[in-house]
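Accompanying notes for the structure given below.
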Amino acid sequence: QCITHCPTGALHERDDIAKVSAALADPDKIVIAQVAPSVRTSWAEGLAIDPAQATPQRMVAAIRKLGFDYVFDTDFAADVTIMEEGSELLHRLDEEGPMFTSCCPGWVRFLKAKHPALVHKLSSTKSPQQIFGALAKSYYAELLDVDASRIFVVSYMPCVAKKEECTYPGMDAAGAGPDVDVVLTVRELIRQLKSRFVDVALLPEEEFDAPLGVATGAGHIFGVTGGVMEAALRSAYFLVTGENPDADAFREVRSAGADRGWREKSFQLPDRTLRIAVTSGLANADALCTAIERGEVDYDFVEVMACPGGCVGGGGQPIHEGEEWAAPRAGILHGIDQKSALRFSHENPSVKACYENYLEAPLSEKAEALLHSNHLKDWSMPWR
Ligand code: SF4
């Protein structure tokens, strides 16, 4: 809100549309779009289209119309994130204190600034945006049989912090420049579509490209508070027992933010109890971290998203003066998950193929090099 109300213009949102236009005009570049989960809930707000017609498939057609060679889904990378983070969680369960999720750069930056003693508790797994970029310029370059330097990755994100995340040390793991070249917010996507006079209401519905456009319901719910936790628990249960739980077995983590500012819950796995906490909004995160540091609470796994409600309420989303749209957007993502044929990250056929043909296994040497970061070394805070 501050960006639109600053009377002096001192707060100015960086517009990166021209960088994308230049890449799209370059015949040597293979320009790839990745679209974050929550973008599909809000991409048409303010465009001349009936909300019922503003489907994810029509969004794909609209982005393709802008000239991209491939339109892929960040939710594929969210499924990969779960494979890595779920495996990491099981390895770290005997450590003292919780493992924190690390897919939200706003939260990671906050933790490094306000609670540096807890930084070592962050999961080393990179965010879906960065996992996608690293795989696009390694695995997918190999599939296309092209030099990775020709691939240009554009992220459509609900987030302004993601514009910085892709520039941090270690976010060039594929060895072909930054793994993600440019990040555009949903507001920039809407401006792009308007400036190119794309009449979205007339577009047919189209599917994401394969294989990096194939995702499960677990990947889709990354865009809403509690979603990363729910997706991780679905696969952690499978990794421990060899069987799938009911896909809705962990849905109680969805309504986070109650009571003390976070929601806590215990789930029974065959050999142990898993204590989890979920919160969103940095004031709530601060209170939770303080309680952990004081030893007042103890958890095994904690999900934090910086924006209230998660990315559906993100800083790069369309702004509706005096209205809060995170809850209805969250409902859209849960609806997509409910209707998905596959609801477990470990069942994503494109993820399975990626491991079989390229990464070998979660936490393999190759996966560690491409998909993990060292929070104590990389992502150094410029002002510290
Ligand atoms: Fe970005 Fe907010 Fe989502 Fe964090 S919660 S990734 S800061 S939009």
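Bear in mind these aren't lab numbers, they're just calculated from the coordinates by the rules spelled out. This one's a predicted model, so the numbers in the text were calculated from it and none came from an experiment. Cβ coordinates were reconstructed from backbone atoms using ideal geometry, including for glycine residues, and neighbour counts include every protein chain displayed.
Here are the numbers for this structure:
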{"read-out": "Residues H320, H375, H220 arranged by fewest to most Cβ contacts within 10 Å", "value": "H320, H375, H220"}
{"read-out": "Ranked list, fewest to most other Cβ atoms within 10 Å of each Cβ, for W107, W43", "value": "W107, W43"}
{"read-out": "Cα-derived Rg over Rh, computed across segment 188-309 with Rh taken as Kirkwood radius", "value": "1.11"}
{"read-out": "Förster-model FRET efficiency, 35 Å R0, I17 and H320, C-beta, rounded to 0.05", "value": "0.95"}
{"read-out": "Whole-Hz couplings from phi, Karplus 6.51/-1.76/1.60, listed for segment 69-84; x for Gly and Pro", "value": "6, 9, 10, 10, 10, 4, 5, 4, 5, 5, 5, 5, 3, 5, 4, 6"}
{"read-out": "Over segment 261-372, equivalent-ellipsoid semi-axes from the Cα gyration tensor in Å", "value": "29, 24, 16"}
{"read-out": "Residues E321, E207, sorted so that the one with the fewest Cβ neighbours within 10 Å comes first", "value": "E321, E207"}
{"read-out": "Rg/Rg_globular for segment 182-257, with Rg_globular taken as 2.2 N^0.38 Å and Rg from C-alpha atoms", "value": "1.55"}
{"read-out": "Debye log10 I(q)/I(0) at q = 0.10 Å⁻¹ for the chain, Cα point scatterers", "value": "-0.59"}
{"read-out": "FRET efficiency estimate (nearest 0.05) - Cβ-Cβ, K339 to E293, R0 45 angstrom", "value": "0.60"}
{"read-out": "Mean Cα-pair separation over length for the chain, i.e. relative contact order, pairs under 8 Å, 6 or more apart, %", "value": "25"}
{"read-out": "Burial order of peptide ranges 22-29, 279-286, 191-198 (average beta-carbon count within 10 Å, highest first)", "value": "279-286, 191-198, 22-29"}
{"read-out": "MRE, 222 nm, helices only [DSSP H, n ≥ 4, -39500 (n - 2.57), over the chain, to nearest 500]", "value": "-10000 deg cm²/dmol"}
{"read-out": "15 Å beta-carbon shell around F100, net charge (K/R +1, D/E -1)", "value": "-4"}
